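Working notes for the structure below.
The values are calculated or read from the model by the stated rules, or taken from the named source; none is laboratory data. What you see is a predicted model, and the numbers here were worked out from it, not measured in a lab. Note that we place each Cβ from the backbone using ideal geometry, even for glycine, and neighbour counts take in every protein chain shown. Accessible surface areas use protein heavy atoms only, side chains included; no ligands, DNA or RNA. Shrake-Rupley method; radii C 1.70, N 1.55, O 1.52, S 1.80 Å.
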Amino acid sequence: QVQLVESGGGLVQPGGSLRLSCAASGLVLDYYSIGWFRQAPGKEREGVSCIGNNDDNTYYADSVKGRFTISRDNAKNTVYLQMNSLKPEDTAVYYCAADLSFRCTLVAGTYDYWGQGTQVTVSS
C-alpha cells in the first residue's frame, strides 16, 4: 500500500523559511520521480518543483526559482522542499506526488500517488 505523508507546514512571516517533508512508504523511492504541487483557494493546482529518480533532473516553477530547493534522501524514503524567502503568495496547501518515471514533470496528471497535503501560510 503506497502512502505519501507531508509534514512541516505552518505559519511563517514573509521572508522566513520552512522545510516540507514527504515521507513515502510502500514504494522504493529511488525508482520514482517526486513532485511538489500547491493549491490556494479558488485556484488551480500548480506544480512547484520536482525531482527525477536518483536526482537525474529537477525543475522549478518560475515563481519559486532561487528560493525553493528540492532534495531527496532515498535511505529515509523522504523528499524535502526547502522554502526560503517566503512570500504571502506562497500560501497554499502543498502536496507531494510520486510517479514511476525516470524524469519528472510539473504536470499533475502524470503522477500516480498523492499525499493529503500540508498547509503553508505566509503572513505578517
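List of remarks:
- Region 13-36, residues that are more than 16 Å from residue 69 (Cβ to Cβ), assigned to a strand (DSSP E or B) and in contact (Cβ under 8 Å) with a residue 60 or more places away in the chain: 24, 33
- Top-ranked residue in region 81-120 [being assigned to a loop (DSSP other than H, G, I, E, B) and in contact with a helix residue (DSSP H, G or I) (Cβ under 9 Å, 6 or more places away or on another chain); ranked as most open to solvent (accessible area, probe 1.4 Å)]: 102
- Flag for residue 72 being part of a strand (DSSP E or B) and either touching a Gly at 6+ places or on another chain (Cβ under 7 Å) or open to solvent by 60 Å² or more (accessible area, probe 1.4 Å) (or both): no
- Within region 21-52, tally of residues that are crowded, with 23+ Cβ neighbours inside 10 Å and hydrophobic (A, V, I, L, M, F, W, C): 8
- Matching residues, region 55-68, being open to solvent by 50 Å² or more (accessible area, probe 1.4 Å), without any contact (Cβ under 8 Å) to a residue 24 or more places away in the chain and within 24 Å of residue 124 (Cβ to Cβ): 65, 66
- Number of residues in region 45-64 that are part of a loop (DSSP other than H, G, I, E, B) and under 15 Å from residue 97 (Cβ atoms): the value is 3.
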